[in-house]
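Please read the structure below before turning to the comments.
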Amino acid sequence: MMTDPSLVVQAAWLVPALPLLSAALIAAFGRRLPWHGAEIGLLAILASLGLSAAIAWETFTTVDPAPYEAAFAWSPLGGGFVLELGMLVDGLTAMMFLLVTLVSTMVQVYSREYMHGEARFTYYYAMLSLFTFSMLFLVISNNTLQAVVGWELVGLCSFLLIGFYWEEKSNQDAANKAFLTTKFGDVGLIVGVIVLSAGMFGLTDTPFNFLETIDAAVAGQLSTSTIVLGMLLIFLGCVSKSGQMPLHVWLPDAMAGPTPVSALIHAATMVTAGVFLLARLFPVLAQSATVMAVIAVVGVITLFFGGLLALVQDDIKKILAYSTISQLGYMVAAIGVGGYTASIFHLFTHGFFKALLFLGAGSLIHAVHSNNISAMGGMRRFMPHTFWTFTVGSLALAGFPLTAGFFSKDEILIAGDLWALNGLATGTAVYWVGLAAAFVTTFYMARAWFLIFFGEHRGAPHDDTHDDGHDEVAHGGHHAEPHESGRQITVPLMILAVLSLTAGLIGSPFAQERPNFESWTSTPVIEETTYPFLAEFATAGVGVSAAEKGPSAKILHGPPSWHPDLLLIVLGVFGGAVGLAWRFYGRGLPERDPMLQMGGLTRVLVNKYGFDDAGYRYVVVPVRDRMSAWATRISNDVIDGAVAGVGTATKRMAQTTYTAVDQRIIDGGVNGAAFSAAWWSARLRRIQSGDVQRYAGALVAGVILLVLAFVAVR
Amino acid sequence: MDPNTAGWVLIAALALPLVGAALMLLLPKDDEVRIKRFAVLVTGVAFALVAAMTAAFDYGRSGELQFVTDVAWIDAINARFHLGIDGISLPLFFLSYLLPLLSAIYTTKHLPEPGKPKAFLGLMLLLQTGMAGTFVAFDLILFFIFFELVLVPMFFMIGMWGGPRRDYASVKFFLYTLFGSIFMLVSFLAVYFQSGLRSWDIVELSNASMIGSTTFQTWAFLGMFLGFAIKVPMWPFHTWLPDAHTEAPTVGSVLLAGVLLKIGTYGFIRIALPILPGGAERFAPVIGVLAVIGIIYGSLCCLAQTDIKRLIAFSSVGHMGFVMLGIAAMNEAGIQAALFGNIAHGVITGMLFFLAGSLHERYHTRDMHVIGGGMLMKIPRYGVLLTYVAVASLGLPGLAGFWGEFGAMWAAISPGFGLADRYGGLYLALVVFAAIGTVLTAGYFLWMLQRVNLGRPTEKWAGAELDDVLRIEWVAWTPLLVLVLALGVFPRLVFGVQDAAVSVLLRTMGG
Amino acid sequence: MTGLDVAFLVVALITAAAAIRTVTSTNLVHAALFLAVTLAGIAGVFLVLSADFLALVQLVVYVGAVAVLFLFGLMLTRAPIGREALDSEHRGLALGVSATLFVLLSGLIIAAFGDVRVDVVDGPRTADLGLALFRDWVLPFEVLSMLLLAALVGAIVLSRREDGESGQVEDVTPILLADDPDDPDAGDVALPAGEGAEEVDA
Amino acid sequence: MSLVGPLLLATLLFSVGVYGIIARRNAVLVLISVELMLNAVNINLVAFQNLLFPAEAAASGQLFALFIIGVAAAEVGVGLAIVFNLFRNRASVDVDRVDAMRW
């Protein structure tokens, strides 16, 4: 037990506080400083990074770390309930701290050159700091409501950064789409948080507290309906935030922002939020087979179909975006099959190599002024540093053995396999679909890699419609030779490349002894989570080994071990995919066909090759073209269309509600009352002729009537 | 200033604007500068007094009435002159002194057509007394007088300084509200006679055990419901609001949204619920349903607007829906959230109306199509402010709008008074729909920002000389901008003050 | 039937006939003169009822002053002569109302006082009237004198011609409190039709 | 003597006055009709003086009649002045053309 947490851990609140302070300072003074505010952001994030590293070291090396929680009452909420503002520091927090601050540091260093000369440079740095703060605030929070605050702030910052080039309508639309889609998921999150907290009424004064919620769930004090309803709703929030199908539609569009922002969004600060929250509440959701099954199914669907979409993209940022969707699918699926450690391990490693890939892509875009891989080619010669770092990132993403991505992805597959041993079909699905998706991933990364770095340089086509808004970037003319980016861009790439190679080691079978990633991020609660529902499946006699050993957490959370069979399979998958890609894109493409020099027609040429190879015709074409096109169509037409349709229908409904119901019926009723009064008065006022004599006559007539009445009464 | 004895503070605070209005009549009509300065002085002094009172307020006993005056007033009908302030009233009371001061400052630069500052500012001061009085009156008759007093100056403000359809809007506002308050008065009378206490005192009546039968309570509550629901305004009694807001001068809109609408919800919380808990309990599901309809419906209507001021007005319908949802929850958290939502809405929407008014001053139109975007490029500071306040209004955590909305939904998941058992499913559905309403809210605000702020200025405006935020506007707006952030970051500012008072209130309801 | 009754009957008939002619005469001056006769007849009635002083006052004030005043008034206003010019379109209403009123009141009076007879003794002496007037009724009397004075001043002020006053017909602007009901546009005054109803595009 | 006689005469005069007020168009004639009505009241007052206080020295009825005569004189004075004013402003004394108080 970490009874006396060190000073470093106690100071963890500084990690989010520094970027917040820097955001405020940049907004206030940034414009007047020599680096236009970038120095403040860099100083703050470096300090945060240092502190995060210290915290990470502290928690990593401590044996059996207990979560350190400190909170004070932020506000009473009525009914004796208290909202806390607090911090919860455990391995998961420390890991996220390290990831977020590291990627953010890299992005901020990188942006100094990349965004140089931008009109809103200062604003950009303030937003980066705010974005980082929001994510760190979400990570450090010790209760769900505080997490919601951070969560929504993340959404706002992403909106502001995706819409950074707000002069263009398409960028505005992308920003709005991102915010609204995630906001839709937030409905689930907020209602879910409310439902969960309602289950805590009567148990505690702080119904939002993570640890208390987890304890109550594990102790069975929360009803099944509360857990199922609450966690499924929260999962809806994660679906939208972490780009799971079918709410992933905003993610590719979010490429409208500057490329370093994409790196930040995809690697550290936004899409990981959903997975993080699932991990944070893992012991709660692990109480329900339904919840886990739903999560696993959504993850599996996403990891496969999301990956397919990347096959047909020409825009390098879109390829990476779809790959992010696919990789997030892995993480979510892993959560759904009890692979808590595997999931966040993949989150950890993915953060590095995806940041690397995006920053590398930015470096390429910076050089060729186009997002399209068809406009690149042969870049290996112009940009050697970018080349080898991008290669490392691609290998890691593809899961090449001994890279970071390999260890983490294998953990997920193994988790699926173990889950399957307990007789749950979702485990089998994760295992096999995960392998198939690994093939797809390797294939599209190899395709991009070959097209970007090999062959002749094809140059940017003249219409820059796919340009991500960099009208201002004017380093050299369009037809100049691309050249390597400056050191502020390449050094972060190299750092990230090294990490992409090595970060996986702490969770690999090389680190069987403690401390390793598993001991770092797991807490006793998570390790002892017993999946109460597993017993039912086990006694049903489906799983052989489970029947013997029982539903042991140790199966699912044991130390990493070697799986030679899996290593072989993975190697085979990798080799097959790269070989196939090389077959199409690597060998002889530039020489054999003059069409290659025309750039954008590469895809057509690849299709031509398909006729040579029957396997290509019967396997690759249906998968790559038809199925992915089909998936694209579903994504673009059906789901996106449904979103647009809902939007249009809402607008039409709004119009009808306003004109027909509000103005005509309701307001009409109100006005009708006034009009009937006016109508009657218009008629009655004719009596008011202004003719005194008529009044006199009426008066006397009235007197007569009164007298008559009087007489009649008598 | 001892909160136990210094009853004079409230009287002085209420009398100051009245005296100021009277003294203003003595100033020469054409000396506009002096009139405006005098108005700032009067509202400033009143605000200083209230600020001092806020400082002297005993927060340890915020559940009890402080600064009490309780003397015989109209013996013939047993009405008493009973003033006091507790944790529930304090934030609203404070707001009703802050906003007029800012409005007076703002008016020194932007006096609506057709001028006549003396009449305009005099009416504003009169309005201030009425508004502030409702929050500290603890006698039903006194409350009713303040409640009605508010109507007259606002009627003239809209009717004389309003937009093209001001006659229609002002008469509609006046008649609609008056219509509701008649029923409210009848209910007051019914309670007076039924209670057997022969007292109009709100505290006494609240503490009394169940007045009359459940049937009586239901009918009496219906009367109060009509009066307050129209004032709030709840769907479907909301239609006077967009018209009034659209036509009202900027300051009128600010005060209308900032304080006036709060009188309705305050009335529910202070009068209708504690005095008639039985009726409230039967009505709560109805209120909840209407509130959520209002949320969804207001947002949908916002999506259909092109006039930015009308959009903001409709957004009020949605936001007040959240407030009413909190009330419908009938528990401490709900009342807390409702009161917080009240304050937040007053600050945020008041600020939005300031912005809409200044936008009109610059572009001479409020049609978003005509403005056509690019404001962030043309007048960047102004655009940033609009973004900031709009984002606050759509309920972003960390800014004021969030806590009221979230609190209301959170409270509604487990409504009090046994409603959870009887209507648990209904309330869960209400929470879900209210949450969906937040998405729509985000939708129309983003859409508005896109229309107005983003993009490049259209040809029409590209060459036009437009002022960015003026110094006087900074002065008038900064307190609100700071409050928006402060309330979001430190919700305790309001929650903490109210906590004890709301507990006391719920105890008197027997909940 | 006593002698008094006979005397009253004669005077009353004259008075009634003159009164009716007053309101039916087509000539303005005749009407005023018939008024004088009526007033004189009433003075006679007073005499019969032994109110001597009042009869004299009636003669002096009414017949002497008021009737003459009316004559001047008629002449100064150059009124036209003839039925159409003198009677408004309300004659039917007037006849109906007044006849009904007369019948009704007469019926009531006969029913109530049909058989009441009074002894007309010598009425109060003029000296007694004077004493009562200046002893018991002095305050109303003074008030009345003030009223007369005020009326005098008022009449002078009203009928004095101001400098610059032209005597032309003034432009009379009717005060419209609402829309004219005959106005076909009045029906849709307030519905905010169409506002904000234009197509909202994405 | 019979009391009914004076009362009936008064009623007649009053009704005739009513008729005149309603039916006459000329403002002066309307005023004249008012005088008829006032006189009808006077007759009533005097008649009832004889019935109720036959031998009374304080002749209230007659005094009232006196006051009425006085007030009537004032009324005629002011009334005619108004009529003159009307005539001057409108070149007419037709009552039914004075309808400024119309809706």
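Coordinate-derived values only; no laboratory data. Keep in mind the model is a prediction, meaning the values are calculated, not measured. Ideal geometry is used to build each Cβ from the backbone, glycine not excepted, and the neighbour counts take in all protein chains shown.
Taking each DSSP H run with n ≥ 4 as -39500 (n - 2.57) and averaging over every residue of chain B yields -24000 deg cm²/dmol at 222 nm.
Per-residue shielding of A:69-77, expressed as the average number of other chain Cβ atoms within 10 Å of the residue Cβ, stands at 5.
Separation of the alpha carbons by more than 28 angstrom is noted, of B:Lys29/B:Lys378; A:Lys317/A:Lys409; A:Lys169/B:Lys378; A:Lys183/A:Lys651; B:Lys116/B:Lys172, for B:Lys29/B:Lys378.
Remark: D:Ile22, B:Ile202 ranked as B:Ile202, D:Ile22, counting other beta-carbon atoms within 10 Å and listing the fewest first. Would you please classify the overall shape of chain D from the alpha carbon gyration tensor, given that a ≥ b ≥ c denote the square roots of the eigenvalues, rounded means a/c under 1.5, and beyond that prolate means a/b larger than b/c while oblate covers the rest? Since a/c reaches 1.5 and a/b is larger than b/c, the shape of chain D is classed as prolate. Stretching the chain fully between B:Ile472 and B:Asn207 yields a gain of 90.6 nm (0.36 nm per residue, less the alpha carbon separation). Each of A:Glu411, C:Glu89, D:Glu35 has some number of other Cβ atoms within 10 Å of its Cβ, and from fewest to most they run C:Glu89, D:Glu35, A:Glu411.
Mean partner shielding of peptide D:33-43, defined as the number of other chain Cβ atoms within 10 Å of each residue Cβ, is 5.
When only Cα pairs below 8 angstrom with a gap of at least 6 residues are kept, chain B shows a relative contact order of 15 percent.
Averaged over B:434-441, how many beta carbons belonging to a partner chain fall within 10 Å of each residue's beta carbon?
Partner-chain Cβ atoms within 10 Å, mean over residues of B:434-441: 5.
Annotation for the stretch C:86-118 versus the stretch D:4-36: alpha-carbon center distance of 11 Å. Can you figure out the FRET efficiency of A:Leu567 with A:Met494, using R₀ = 22 Å and their beta-carbon distance, to the nearest 0.05? For R0 = 22 Å, the calculated efficiency reads 0.20.
The alpha carbon gyration tensor of the protein assembly as shown gives principal lengths a ≥ b ≥ c with a/c of 1.5 or higher and a/b greater than b/c, which makes the shape prolate. In this entry, chain B is assigned a mean projected area of 21.5 nm², taken as a quarter of its C-alpha convex hull surface. Separation of the stretch B:242-270 from the stretch B:63-132 is 14 Å, based on Cα centroids.
Computing FRET efficiency as 1/(1 + (r/R0)^6) for A:Ser223 and B:Ala51, where r is the C-beta to C-beta distance and R0 is 45 Å, gives about 0.40. Using the Cβ-Cβ distance between D:Ala91 and C:Val143 with R0 = 45 Å, the FRET efficiency computed as 1/(1 + (r/R0)^6) comes to roughly 0.75.
Each other residue within a Cβ distance under 14 Å of A:Ser326 adds +1 if Lys or Arg and -1 if Asp or Glu, for a net charge of +3. Annotation note: GluC sites (Glu not before Pro) in the stretch B:401-494 located in DSSP loop regions with a Cβ neighbour count of at most 16 within 10 Å are B:Glu465.
Label sites at A:Ile666 and B:Val33, each approximated as a point 7 angstrom past Cα along Cα to Cβ, lie 4.8 nm apart. Modelled spin-label separation between C:Asp119 and D:Leu52, with each label point placed 7 Å from Cα along the Cα-to-Cβ direction: 2.1 nm. Each residue, B:Thr508 and A:Trp388, gets one label point 7 Å from its Cα in the Cβ direction; the gap between the two is 7.9 nm. Separation of the stretch B:4-27 and the stretch A:176-210 by C-alpha centroid, Å? With the stretch B:4-27 and the stretch A:176-210 each reduced to a Cα centre, they are spaced 47 Å. The slack between B:Glu465 and B:Leu41, meaning 0.36 nm per residue of separation minus the straight C-alpha distance, is 149.4 nm. What residues of the stretch B:21-54 lie in the reach of a label at B:Ala12, counting those whose backbone N is under 14 Å from a point 7 Å from the Cα along Cα→Cβ? Only B:45-54 pass the distance filter. Ordered by the number of other Cβ atoms lying within 10 Å of each residue's own Cβ, fewest first, A:Thr59, B:Thr215 fall into the sequence B:Thr215, A:Thr59.
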